[in-house]
Amino acid sequence: MKKTEQNSKPNVTEIFEKCVGCKWTLHVLGQIRQGVCRPGQLERTADGLTTKVLNERLVKLVRFDILEKTSHPEIPPRVEYTLTTFGERFVQILDQVERLQDEYQQYGTS
């Protein structure tokens, strides 16, 4: 993972390259924004989303500081994911991409 010289945070461009290219990442982020925060719930939100792929996406999103993982010391164990402050900003950019797509569809190509 390439780091910026100013700090140890990953490069935002790299985050986009490694996260946004996966349809499941966008789906997971959308579901978490809607309040679906537990892995089992997330897995049930889309046909074809496997436990393996979901876990890979969640680990990557936590590593890039987009999501925060909270483990509750209960029996059975409970894990929840929420957007970090950076994650909130990150998804705002995705919202802008979606608005651009809507505008493009509405006006067509010129």
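At a glance:
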{"read-out": "First in region 4-25 and closer than 17 Å to Arg57 by Cα, second anywhere and β-branched (Val, Ile, Thr) and modelled with pLDDT of 75 or more, Cβ under 7 Å, 6 or more apart", "value": "Cys19/Thr25; Trp24/Val53"}
{"read-out": "Search result, residues across region 55-100 that are out of contact with any helix residue (DSSP H, G or I) (no Cβ under 9 Å at 6 or more places or on another chain) and polar (S, T, N, Q)", "value": "Thr70, Ser71, Thr85, Gln92, Gln96"}
{"read-out": "Output for region 67-95, where each listed residue is of a type in the set (Ser, Thr, Tyr) and in a helix (DSSP H, G or I)", "value": "Thr85"}
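The values are calculated or read from the model by the stated rules, or taken from the named source; none is laboratory data. Computed from a predicted model, the values in this text were never measured in an experiment. Glycine also receives a Cβ, built like all others from the backbone with ideal geometry; neighbour counts cover every protein chain displayed.
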